[in-house]
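The values are calculated or read from the model by the stated rules, or taken from the named source; none is laboratory data. None of these values were measured; they are calculated from a predicted model. We place every Cβ from the backbone using ideal geometry, glycine too, and count neighbours over all the protein chains shown. Only protein heavy atoms, including side chains, enter the accessible area calculation; ligands, DNA and RNA are left aside. Shrake-Rupley method; radii C 1.70, N 1.55, O 1.52, S 1.80 Å.
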Amino acid sequence: MRIDVITIFPEYLSPLDLSLIGKARQDGLLTVAAHDLREFAHDRHRSVDDTPFGGGAGMVMKPEPWAEALDHVVAHPDRAEGQRPRLIVPGPGGRPFTQAMARDFAREPWLVFACGRYEGIDERVYEYSRADLGLEVSVVSLGDYVLNGGEVAVLAMVEAIARLLPGVIGNADSLLEESHEDGLLEYPLYTKPRVWRDRAVPDVLLSGNHAAIAAWRHEQRLARTAARRPDLLHPAQVTVDGGLDVDIRPAVPADVPELFTLTKACWVQEAMANQRLDIPPLEEPIGVLRASLDETHTWVARHGGRIVGSVRTAVRGDDLFVSRLMVAPDLQGRGLGRRLLRLAEDTAPDGTWTVSLIAGAGSSDNLRMYRKAGYRTAPGEPAIRGTVELVKRRRG
Ligand code: JD8
């Protein structure tokens, strides 16, 4: 990737000589060139700013030096004829810079950053870049606070973009585990010593129990995200009772006809997601459902008098088996499935060490929810082809 930066303070970008970005440049993965805007100003004082038309405080960057600088950069001799960079202009009024944008920019072969100063750049420079130079122009903001110019934003954006380039970060897997990649903040970190100034590392991290560690870390990530960045969570995840107003009770025989119908509606979705019809809940006759109420714990959730969800549990030795977790198709994605799952988990009697369930291998929404809830794929082959067996270790 090639990056050109136009600025009146090229020295501001010297941090890009250091660390991982410096190494990537040495390794030829990345080229960064800083251009001094003043070299494109030709009056005695090399002035790049002037007073604003229409009045107002401060100064505005003049269009002529910008146009010359952009002409110069876009005509770079190493670049193929007709190739055009993307132009990124940092500005407090831009679209907020996100990890998704960093990924998007990292796919481009060539980026140009234009660093404004003073009150900003004459608006005609944006028009000229689009219309005459044929550039896609993105005004991007680092965040909701005021900087004096675009240089600091460029440092941040170039770092976020360059670390996504193939080969810049040794272990590509580590990129996948980061916050802002999967929507939750990081879990807390600890290293040696085990006890430091009377503060011990949480016991679970020393237990050697990888499932328990994963479950603990997941809980920490959820709690942190709810506390610091509730905007990243689904509303139903922020507080336990923040979801739909539902009444959850043990199922009774009078619920069976309606529960039977809801089951079919929900598992038609499953049949489509997994491209098969031989799924037990779809095939089950109503009499078998009736009998299951005596052999399992089944709950139904009602909203406005109507059954909108259900879940079933059965104790099998030291495992709690959860099945028939369903939410009416029109009410999915509001956290009700998660609530029913939590309720099922909470009913596990003492002496139950794991909670397990089976999901269709093609049910990606369900699988994502189960993983977020701390479930992990059970070792070994699943008993039923096309399914995934999931297990979660209970806490404490
Ligand atoms: C570019 C000039 C300063 C902008 C008066 C003083 C980004 N998140 C961000 N906050 N601020 C900037 C930013 C600020 C800039 C320039 C970026 C060029 N200024 C001006 C207008 C109001 N101040 C930014 N990215």
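Numerical summary
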{"quantity": "Label-point separation in nm, Leu189 to Thr98, each point 7 Å along Cα→Cβ", "calculated": "2.5 nm"}
{"quantity": "Linear extension gain, Glu381 paired with Arg229, 0.36 nm per residue minus alpha-carbon span", "calculated": "50.9 nm"}
{"quantity": "Length gained when the stretch Leu165-Thr261 is fully extended (0.36 nm per residue, less Cα-Cα span)", "calculated": "29.5 nm"}
{"quantity": "Å³ per residue enclosed by the Cα convex hull of the range 256-368", "calculated": "108 Å³"}
{"quantity": "Translational diffusion coefficient (Stokes-Einstein; Kirkwood radius from C-alpha pairs) of the range 28-110 at 10 °C, 1.306 mPa s, in µm²/s", "calculated": "101 µm²/s"}
{"quantity": "Coordinate range along principal axes, alpha carbons of the range 2-173, Å, largest first", "calculated": "53, 38, 29"}
{"quantity": "Helix 210-228 vs. the chain, principal-axis angle (Cα, 0 to 90°, nearest 10)", "calculated": "60 degrees"}
{"quantity": "Cα coordinate range in the chain, projected on the principal axes (Å, largest first)", "calculated": "93, 51, 42"}
{"quantity": "Point-to-point label distance, Arg276-Ser14, nm (Cα→Cβ direction, 7 Å offset)", "calculated": "6.4 nm"}
{"quantity": "Residues of the chain: accessible area per residue with a 1.4 Å probe, Å²", "calculated": "55 Å²"}
{"quantity": "Exposure rank, largest accessible area first [Leu222, Leu189; 1.4 Å]", "calculated": "Leu189, Leu222"}
{"quantity": "The chain: angle of helix 256-274 to the longest principal axis, Cα-based, in degrees nearest 10", "calculated": "40 degrees"}
{"quantity": "Two-site FRET efficiency, Asp318 against Ile248, from Cβ-Cβ distance with R₀ of 30 Å, rounded to 0.05", "calculated": "0.70"}
{"quantity": "Whichever aspartates and glutamates have a C-alpha closer than 17 Å to that of Lys264, once near sequence neighbours (fewer than 8 apart) are set aside", "calculated": "Asp255, Asp278, Glu283, Glu284, Asp330"}
{"quantity": "Candidates Ala41, Ala160, Ala223, ranked by Gaussian network fluctuation over the chain, Cα under 10 Å, top entry", "calculated": "Ala41"}
{"quantity": "Förster radius 30 Å - calculated FRET efficiency between Ser174 and Val152 (Cβ-Cβ, nearest 0.05)", "calculated": "0.70"}
{"quantity": "Pairwise FRET efficiency - Arg290 versus Tyr145, Cβ, R0 = 56 Å, nearest 0.05", "calculated": "0.35"}
{"quantity": "Relative contact order [Cα under 8 Å, 6+ residues apart], the range 181-232, whole percent", "calculated": "50 percent"}
{"quantity": "Within-10-Å neighbourhood charge of Pro10 [Cβ basis; K, R +1; D, E -1]", "calculated": "-3"}
{"quantity": "Share of carbon and sulfur in the accessible heavy-atom surface of the chain [1.4 Å probe, %]", "calculated": "52 percent"}
{"quantity": "The chain: most fluctuating residue of Arg221, Arg194, Arg371 per GNM, C-alpha cutoff 10 Å", "calculated": "Arg194"}
{"quantity": "Within the chain, helix-based [θ] at 222 nm, where runs of 4 or more DSSP H residues each add -39,500 (n - 2.57), nearest 500", "calculated": "-9500 deg cm²/dmol"}
{"quantity": "In the range 13-101, the trypsin sites (Lys or Arg not before Pro) that fall in loop regions by DSSP, at most 10 other Cβ within 10 Å", "calculated": "Arg44"}
{"quantity": "Relative contact order (percent, whole number), the range 237-393, Cα cutoff 8 Å, 6+ residue spacing", "calculated": "21 percent"}
{"quantity": "Scattering profile of the range 155-236 at q = 0.13, 0.19, 0.24 Å⁻¹ [log10 I(q)/I(0), Debye over alpha-carbon scatterers]", "calculated": "-0.61, -1.02, -1.13"}
